[in-house]
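Engineer: This is the structure I have questions about; it appears just below.
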Amino acid sequence: MPSPTPAGHPHETHYDRRRLHQWLTGEARADGVTRRRLLTLLVATAAAGTASGTPRSAHAADRAIVKPLPPQWFIERGTNAETRWEALRGTGHHTPNELFFVRNHTATPVLDADDWRLRLWGSGLRGSPGEDRPREFGYDDLRALPAVTRTAFVECAGNGRSYFTTQQGQTVTGTSWTLGAIGVARWRGVRLADVLRRAGLSPDAVDVQPRGLDADYVSGGENLGRVRRPLPLAKALDDVLLAYEMNGEPLPYDHGYPVRVLVPSWVGIASIKWVGDIEVSAQPLYSPWNTTFYRLFGPSHPEGGGAPLTRQATKSAFELAAGATFTAGQKHVLHGRSWSGAGPVTRVDVSTDGGANWRPAHLHDRPRAGTWTRWSLGWRPDALGATHLLARATDTADRTQPDTAVPNTQGYLFDGVVRHPVSVV
Ligand SMILES: Nc1nc2c(c(=O)[nH]1)N[C@H]1C(S)=C(S)[C@@H](COP(=O)(O)O)O[C@H]1N2
Ligand SMILES: [Mo]
């Protein structure tokens, strides 16, 4: 039985291009074929992909993102795409796959579930001392294991980063997201714990490090290798999934097809897409993604950086475009969502006058960990002109969004109350 593939089945062009890219990244053998010949082929397949009439999904090699990015839904930011909050108005609790933000360090690889393998290896698996004891699982092997389903957000640690600059005047590095680098989906897959135990987890294991099959990430002229980040064993055994479905469909190419890691409540980088192997280690592991990146640096943080980031901050967003207009004297209903990595959001206060007065919003979801709580509040504006809408969430860990977020050089975990500009006409 063929494995399910997302919309837009890979045809031969994809297959060829994928193979060639695998060769480029050292994953494919090319015995008896010259490098020059393969490079010529690579150029040719890139040209074929741009010919008219080629399905959109054939652009994987020349576009970082495979799915369509209509401008009314997305703000494109380099190899990434941010969801517009106004596009979420009228959608349900779960973000539709077509609207889900994409964060790619390089480009979406178009993989085939039929020849995908997950390899577990390393000193944290049982076997004779010193031996690497690899254990492999195919797509069908995973699908044959007990399945679990859970609703969870994936949010980039840098979501909201631009407000460090626009609200606080601070200079930070990284993608200038507003608040659209988050989505909530219903994920289905197997527990990472089940796979680790089947692979022969040793009592000495301390870290597991999933690694993506996308290309090496080159930053500032330095090749940092493939995207990978260690996860402490305690979290790996707790609630982490190897997900193969997103909102009832096979994972879309851009979101990790055929299988991604899903680490509830934690920074998005932990949820490695297109996972190809997992190192299980009896020693702590390091990668650029838990040393150089995804720690807090700057004057308010420990010398040499804080601990690797884990849980996401508390945030709120209105389902509105920046600069939305409202008619004076009419009753409007403001909608929004709030979330936190520390616990369910149980209270949201909203100000429609730039922060002078606050009213509690009505919650539309039973607050749950790892996902957002939707809310609304009626508003009949009277004063004409520009104003700001503000929302402040509180979670069960008693974290309330502050007026100002503590800065860090890379602009992670912005949790300050965002001032959303609107005008009354
Ligand atoms: N293999 C791989 N996994 C990855 C990434 C990547 O570039 N490559 N980006 C990470 C980051 S920084 C985020 S925020 C999430 C984004 O997931 P999404 O694109 O499905 O929204 O994927 C994470 N997993
Ligand atoms: Mo991210």
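Engineer: Would you list which aspartates and glutamates come within 14 Å of Lys331, measuring only between C-alpha atoms, while excluding same-chain residues fewer than 8 positions from it?
Structural biologist: Once the sequence-local aspartates and glutamates are set aside, what remains near Lys331 is Asp382.
Engineer: Count charges around Leu88 for me, please; just the other residues with Cβ under 9 Å from its Cβ, Lys/Arg as +1, Asp/Glu as -1.
Structural biologist: +1
Engineer: Ok, one more. State, to one decimal in nm, how far the label point of Glu222 lies from the label point of Ala324, with both points 7 Å from Cα in the Cβ direction.
Structural biologist: 4.3
Engineer: In addition: When the gyration tensor of segment 315-386 is built from Cα positions, what are the square roots of 5 times its three eigenvalues, in whole Å, from largest to smallest?
Structural biologist: Semi-axes, largest first: 25, 11, 11 Å.
Engineer: Related question: Given Cβ point charges of +1 (Lys, Arg) and -1 (Asp, Glu) and nothing else, what value in debye, to the nearest 20, does the dipole of segment 264-399 about its Cα centre take?
Structural biologist: Rounded to the nearest 20 debye, it is 380 debye.
Engineer: Now, a different point. Relative to the present Cα-Cα distance, how much length would full extension add between His93 and Ala144 at 0.36 nm per residue of separation?
Structural biologist: Values: separation 51, 0.36 × 51 = 18.36 nm, distance 2.87 nm.
In short, 15.5 nm is gained.
Engineer: Using Cα-Cα distances under 8 Å and only pairs 6 or more residues apart, what relative contact order does segment 251-371 have, in percent?
Structural biologist: For segment 251-371, the relative contact order is 19 percent.
Engineer: Could you compute the net charge surrounding Gln167? Neighbours are other residues with a C-beta less than 15 Å from the C-beta of Gln167; K and R count +1, D and E count -1.
Structural biologist: +2
Engineer: Would you mind putting 327-334, 289-296, 270-277 in packing order, based on average other-beta-carbon counts within 10 Å, highest first?
Structural biologist: Per-residue mean Cβ counts within 10 Å order the peptides as 270-277, 289-296, 327-334.
Engineer: How much net charge surrounds Gln401 when only other residues with a Cβ under 14 Å from its Cβ are counted (Lys, Arg +1; Asp, Glu -1)?
Structural biologist: Taking every Cβ under 14 Å from that of Gln401, the sum is +1.
Engineer: Excluding residues on the same chain fewer than 8 positions from Lys273, give the lysines whose Cα lies under 19 Å from its Cα.
Structural biologist: In chain and number order, the partners are Lys67, Lys235.
Engineer: Please work out the FRET efficiency for the pair Arg117 and His362, using the Cβ-Cβ distance as r and a Förster radius of 60 Å; give the result to the nearest 0.05.
Structural biologist: Computed FRET efficiency for Arg117 and His362: 0.80.
Engineer: Under the 0.36 nm per residue contour assumption, what length would be gained going from the current alpha-carbon distance of Thr79 and Glu136 to full extension?
Structural biologist: Working: separation 57, 0.36 × 57 = 20.52 nm, distance 3.10 nm.
This chain segment gains 17.4 nm when fully extended.
Just so you know, all these numbers are worked out from the coordinates, no wet-lab data involved. Computed from a predicted model, the values in this text were never measured in an experiment. Note that we place each Cβ from the backbone using ideal geometry, even for glycine, and neighbour counts take in every protein chain shown.
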